Structure formats: structure tokens, C-alpha cells
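In what follows, a structure is listed as C-alpha cells, so that the remarks can point back to it.
Read-outs: derived from the displayed coordinates by stated rules, not from any lab. Remember, predicted model here, so these are calculated numbers, not experimental data. Virtual Cβ from ideal backbone geometry, glycine too; neighbours counted across all protein chains shown.
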Amino acid sequence: MAWNYKTEVEAITEDLGDISFEGKRILITGGAGFLGSWMCDVLAAQGAEVICVDNLASGQKSNIAHLLPTKRFTFIEHDVSVPIGFKEGELDLVVHMASRASPFEFEHFPIDILKANTIGLMNSLEIARDHDARLLYTSTSETYGNPQVVPTPESYYGNVNAIGPRGCYDEAKRCGEAYVTAYQTQYGLDVRMARIFNTYGPRMRFDGIYGRAIPRFLDQALHNRPITVFGDGSQTRSFTYLSDQMEGLLKLAALDSAKGSVVNIGNDKETTILELAKTVLELTGSSSEIVYSPLPKDDPLRRKPVITRAWELLGWKPKVPLGEGLARVIEWQRAFCFNK
Ligand code: UDP
């Protein structure tokens, strides 16, 4: 069957069970990005009114093109780090997702990354405050830096190099968490934070500085070009498929009982980067060879979350195995990027 985004939206809606955002008015910053656009899709499909704010710096209009003509969707091209003074109507929920996230971007746009997660986030918090709305902030496993405690629980404080190549992202997100906490403490705002572990799926960029390990490896394999493993490939990540991530995020946004929580949303199955490269080769049937180059500075050696909080608070755990998720991305990448 040909790849169709509606299949993913239906799967996520089914995962959400009786959780519905029907009739809610929701502002999503970074809504044209990989995760943001899926959130727009699911919420619009559930009958929410969605306002997407994105400056298209790393997000793409093609991710939301199909939503543009629909009644319940509004797109505002705007940089969140500039106040938008969004007053119209009543908002129920603000989701702050706007940020570049690829390590290759850290070198080129460190100031934008810092601004999106501090000044930009503060603008979102002010909007939430104006509207008496709930706010969900998408933080990251990068707040743990190169963790000395693995598997890593939410209570771990992190091991971050503020002046290293990843400092702009790690510290921006840590500062973002402090901002969110401050708005809760000082104004009693209803907030929640997700620490997202490496998530992959259709619509993820694989080009140039935007490419993360999974889409880059798939692109390389599908073109029979060398697979570029950094270091010896023994570093690990815990890869979470898009539909699992969306289910976790939307449950965190929806449930009253999650108020004030920070929750790891990630797979608890740890995979080495070399295993990932080999799995990609197997699934694509590619003749690519694996080539090795030095591990980038401060590249975290292990990432694996403790996810008991997500289970206890949200009834969430990941369902999609890596092989199955990769097969879905391959289908998308073939359909949309290679026209095969
Ligand atoms: N990686 C790699 N080759 C690539 C891109 C990434 O070996 O072409 C490695 C990278 O060094 C890291 C892991 O894959 O250890 C995950 O990288 P990604 O860019 O997805 O993001 P990160 O988890 O580091 O933020």
C-alpha cells in the first residue's frame, strides 16, 4: 500500500484512546517542523482549532501544505523570539516546539537555538499566561548531556559542557526548563515538560546540516552511498518512533494529573549506532559500505531513559520496534524523495 500520512494520524489517534482535543484552540510554535507538523495533523483531525507559528528556518511549508486550505488550521510565518502579541480568541493550550535540533545546525545557528528556547519560550509562556492556557514545552534528553547515570531518570541533574559544541542546545533547553518552572512558581501557570529522546519518522529532514543519524543513514543506503558512522559506532541512542512520541506528548498535554511534571518520553531499548547502520543496510538491501570518521566532540556516549514516570503518570510506553519504524520511514522516503 502506498505511503499516506493519514495512516500515521489514524494510528496516533487510536493510541490516544478516549483522549480528545476536539473544540480546543491550540497554538503550536515550530508547527511546520518534523514533530510539530504531526502534532498539527493529529489535533486538526481530532477537531481542534490549530494555529501554527513557524519561521520556516528548519521547518518546511510542505509539511503543512495539506492543512493550509482546511478551516481549522491557521499558519503564521513568524520568528517566535520576536513577541507576537497573540491576543485574539481564547487559547486552551500552547505547545512550544520551535527550535532547531540537529547537531550539525549547532555550529551554524547557536544564537537562534538559544533565542528560540529562552526569549521565544518566554513569549509563548506570556501568551499562555494572557490566555490562562496550559503550556507544554518539548525539552530533550540533551539536558542530561553525556550522562553518568544510565538508564537516566528525570531526577538526574545532567553532565553538560556549556561551552562545548552542543552547549547552545543543551543549555538553551535547560534554561527553557528553568523558565517554565519559573512561570509555574511565580504565576501558577499549568505547565508540563517532555524530555524527548531521539525520535524518528516520516518528514524528518535528511539533507545537509538538518540530517540526523536515521534519515542520513537511510538516504545514504537508498543511494548506495557510504554510511558515515562517527567514532566506532559503539555510542548508543534510544530511538523512538514518531507515533509513540506523539502519543506520549499528547497524553502529557491532555491529562490534568500531569500538571507540573517533567517526563522522559523515549524508547527504553538502547541501540548502538553501528547496529543502526547494519539494520539500515539489511532493511534497504543496499550495497553501501560503512565508513568511519572521528566521533564529534561531546557526542554523548549513551542515551537510555528510565520511563517508569511516563508509564505511571500517562500509561505510556513505546510500542513500535526499530525495524518496523524504519520500514515505515523507508516507505515514506521512497515515495516522496525518490518517486519510486
Ligand atoms: N551519527 C553518525 N553518523 C552520522 C550522523 C550521526 O554516526 O552521519 C551519530 C552521532 O555521532 C550520534 C548519533 O549518530 O552519536 C545520533 O546522532 P543524531 O545526529 O541523530 O543526534 P544526537 O542524538 O547526537 O543529538
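How large is the dipole of the chain about the Cα centre if only Lys and Arg carry +1 and Asp and Glu carry -1, each at its Cβ, rounded to the nearest 20 debye?
About 400 debye.
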Cα-based Debye curve of region 110-170 sampled at q = 0.28 Å⁻¹ gives log₁₀ I(q)/I(0) of -1.10
Projected area averaged over all directions for the convex hull of the alpha carbon atoms of region 195-274, nm², comes out at 6.4 nm²
So the angle from the long Cα axis of helix 213-222 to the longest Cα principal axis of the chain, reported in degrees to the nearest 10, equals 50 degrees
So for region 4-103, using the alpha carbon gyration tensor with a ≥ b ≥ c as root eigenvalues (a/c under 1.5 gives rounded; past that, a/b versus b/c decides prolate or oblate), I'd call it oblate
Within region 235-340, DSSP-loop chymotrypsin sites (Phe, Trp or Tyr not before Pro) with at most 10 other C-beta atoms within 10 Å are PHE338
Note on region 74-230: the mean projected area of its alpha-carbon convex hull, in nm², is 11.0 nm²
Longest principal axis of the chain (C-alpha) makes with the long axis of helix 5-15 (C-alpha) an angle, in degrees to the nearest 10, of 70 degrees
Only helices counted: for the chain, with every DSSP H run of 4 or more residues adding -39500 (n - 2.57) and the sum spread over all residues, [θ] at 222 nm is -11000 deg cm²/dmol
Proxy exposure order for CYS168, CYS337 (fewest C-beta within 10 Å first) is CYS337, CYS168
At 20 °C in a medium of viscosity 1.002 mPa s, the chain has a Stokes-Einstein diffusion coefficient, with Rh taken as the Kirkwood radius over alpha carbon pairs, in µm² per second, of 107 µm²/s
Here region 230-331 gives, from Cα atoms, an Rg and Dmax in Å of 16.1, 50
Reduced to Cα centres, the span from region 230-297 to region 65-110 in Å works out to 24 Å
All alpha-carbon distances of region 149-230, grouped into 5 Å bins from 0, give the whole-percent distribution 3, 11, 14, 16, 17, 15, 11, 7, 3, 2, 1
Between the Cα axis of helix 119-131 and the main Cα principal axis of the chain, the angle (0 to 90°, nearest 10) is 40 degrees
Loop-resident GluC sites (Glu not before Pro) in region 257-330 with no more than 11 other Cβ atoms inside 10 Å, DSSP not H/G/I/E/B, are GLU289
Percent relative contact order for the chain, counting Cα pairs under 8 Å at least six residues apart, stands at 17 percent
Taking every DSSP bridge whose two residues both lie in the chain, the antiparallel percent to the nearest 5 is 5 percent
Beyond 29 Å (Cα-Cα) in this structure, taken from LYS87/LYS319; LYS278/LYS304; LYS61/LYS173; LYS71/LYS173; LYS6/LYS251, we find LYS87/LYS319; LYS71/LYS173
